[in-house]
Every structure is written in structure tokens, then in C-alpha cells.
Amino acid sequence: MRIAASRIILDFHGNLDLAEKRRQLSVLCDGIRKRHNLSACEIDAFDDPERCVVGIAAVIPDTWREKSIQTFWQKVLEEIDTTAFARVVSEQSDITAI
């Protein structure tokens, strides 16, 4: 079994509405969960309306080959980059076998 996890920082330059940030974040995380069967939620910068830190994680079975895992995870990250309501500033990922 493998665990894949990412920490993604999104920038909402000029946003002053914390409620709008949370609404957009909810749409993003719900979409990721439904399309890819992942866990996704805000993990930091809760009260900053111009910044959001999202954590995503997945449990990947041993039957997947390494190339398949990399392709899947890259697809998830690209989807966030193209569908997110804010600019992706930073992304850190790790895939660990346990």
C-alpha cells in the first residue's frame, strides 16, 4: 500500500471576503473528492482571505505500477491548477510505501 499526499498553497490576490474563499474552497475540495476518491481539506491559513493551504491525500493499492501512480497524481495536481479559483503558488508532494 502507498500513501500519496500533497500540500498546495493557493493565492487569492486582492480577495477580502473570507466567506467567498471558503465557498470556493468547498467547491474545489468536493470536486476533488468526487472525481478522484481523495481526501481534501484546508489545512492552514484559515483566517487569511488572500491565502489558502489545501492538503490532499490518497491510499493507493500495491497493484498499481509506479508509472500509473505518478500519472494519476500528476493528473490530480494539474486539475487543481486548471480548475482552482486562485493561483497555485506552491505544491509539495510525496508518495510513500508502507
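The values are calculated or read from the model by the stated rules, or taken from the named source; none is laboratory data. Note that the coordinates shown come from a computational prediction; the quantities given were computed from them, not determined experimentally. Here Cβ is always computed from backbone atoms with ideal geometry, including for glycine, and neighbour counts include all displayed protein chains. Heads up: the accessible areas ignore ligands, DNA and RNA and are worked out on the full protein's heavy atoms, side chains in. Shrake-Rupley method; radii C 1.70, N 1.55, O 1.52, S 1.80 Å.
Scanning the stretch 1-17 for residues being out of contact with any Asp or Glu (no Cβ under 8 Å at 6 or more places or on another chain) and acidic (Asp, Glu) gives a total of 1.
A single entry from Ile80, Ile32, Ile69, Ile3 fulfils the requirement of being part of a strand (DSSP E or B), in contact (Cβ under 8 Å) with a residue 24 or more places away in the chain and of a type outside the set (S, T, N, Q): Ile3. In the stretch 60-89, the residue that is farthest from His13 (Cα to Cα) out of those that are of a type in the set (Ser, Thr, Tyr) and open to solvent by 70 Å² or more (accessible area, probe 1.4 Å) is Thr63.
Only one residue in Ala19, Ala57, Ala40 is modelled with pLDDT of 85 or more and exposed (fewer than 12 other Cβ atoms within 10 Å of the Cβ), so which one is that? None of the other options fit; the residue is Ala19. Within the stretch 3-16, the set of residues being more than 17 Å from Thr83 (Cα to Cα) and open to solvent by 60 Å² or more (accessible area, probe 1.4 Å) comprises Leu16 only. The residue of the stretch 22-37 that is nearest to the chain's Cα centre (by Cα), among those that are within 18 Å of Leu77 (Cβ to Cβ) and open to solvent by 70 Å² or more (accessible area, probe 1.4 Å), is Arg33.
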